[in-house]
Amino acid sequence: MIDSFSNLFDSYLKLTESEIEFCRPYFELHSAPKNTLIEEENRVPRHLYFITKGFMRLFYYDSNGDEVTTLIVSPNRFVTSFTNFIHEQKSNENLECITNCEFYKIERSKLVELIDKSESFKKLSLTIFEQSVATTQLRVNDFATLTAELRYKKLVEQQPELIQNVPIQYIASYLGIKPQSLSRIRKQMIK
């Protein structure tokens, strides 16, 4: 556990050993089995999560009661319903483990305290939230400018681990298409 926590923030910002030890008490290590709802809709998201093993997704129910996946997150990434977390508002999204997962979590109040006490963690938090905004903007742009086939090809190129570990119905929903359409696209790509 010490090694995984020490490397927790490496892809975002390099912290010193003393900074890592300072922030360690603010985070809790947890695990959850596949299909566990970590955060539920109609509640204010209380935690920021860092996935060390497994895959999670954010999703909501549309007016027909169908699940719509808005984000699929792989290991070594932070996740929460960011806008609602920041503004302490009820979310319409659910956060679910797609696979068995291990993750660290930090309560919002503890995150604010840590940001107030550590300049490095303030920079780290800014980087995390900037990345969230950029991911959302890229997704909006992709939906506006790319066909479903091109969105799938981009996902295969940029995040092949999702294709190998996430069920097709979640990938299809994330891409904004039906599973049958995604199956057709995949068959055409093999030819």
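The values are calculated or read from the model by the stated rules, or taken from the named source; none is laboratory data. Because the structure is predicted, anything quoted here is derived from the model rather than measured. Heads up, the Cβs are rebuilt from the backbone with ideal geometry, glycines too, and the neighbour counts pull from every protein chain shown. Just so you know, the surface numbers come from the protein's heavy atoms only, side chains and all, with ligands and any DNA or RNA stripped out. Shrake-Rupley method; radii C 1.70, N 1.55, O 1.52, S 1.80 Å.
Please give the helices (runs of 4 or more DSSP H) falling wholly within the stretch 79-191 in which 3 or more residues are free of Cβ contacts under 8 Å to residues at least 40 places away in the same chain.
On the way: elements: 82-87, 108-117, 119-145, 148-158, 160-165, 168-175, 179-190.
In the stretch 79-191, 108-117, 119-145, 148-158, 160-165, 168-175, 179-190 are the helices (runs of 4 or more DSSP H) which contain 3 or more residues that are free of Cβ contacts under 8 Å to residues at least 40 places away in the same chain.
Restricting the stretch 82-97 to residues that are under 11 Å from the mean Cα position of the chain (by Cα) and at pLDDT 95 or above, which is nearest to Glu41 (Cα to Cα)? Talk me through it step by step, then tell me what you get.
Keep residues of the stretch 82-97 that are under 11 Å from the mean Cα position of the chain (by Cα), which gives 82, 95-97.
Among the residues that remain, those that are also at pLDDT 95 or above are: 95-97.
Numbers: Leu95: 8, Glu96: 11, Cys97: 15 Å.
Here the residue is Leu95.
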List, please: which pairs have Cβ atoms under 6 Å, are six or more places apart or on different chains, and start with a residue in the stretch 60-74 that is closer than 18 Å to Tyr49 by Cβ and end with one that is of a type in the set (D, E, K, R)? Tyr60/Glu93; Thr69/Arg57; Ile72/Arg57; Ser74/Glu161
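Take the conditions open to solvent by 60 Å² or more (accessible area, probe 1.4 Å) and among the charged types (D, E, K, R) and apply them to Glu119. Does it pass?
Numbers: open to solvent by 60 Å² or more (accessible area, probe 1.4 Å): yes; among the charged types (D, E, K, R): yes.
Here the answer is yes, as Glu119 does meet what is asked.
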Looking at Val68, is it farther than 20 Å from Gln158 by Cα and in contact with a helix residue (DSSP H, G or I) (Cβ under 8 Å, 6 or more places away or on another chain)? yes
Flagged in the stretch 133-182 as among the hydroxyl-bearing types (Ser, Thr, Tyr) and surrounded by 13 or more Cβ atoms within 10 Å (Cβ to Cβ), in numbering order, are Thr135, Thr136, Tyr152, Tyr170, Ser173, Tyr174, Ser181
Scan the stretch 142-181 residue by residue and report those that are closer than 23 Å to Asn35 by Cβ and among the charged types (D, E, K, R). Glu161, Lys178
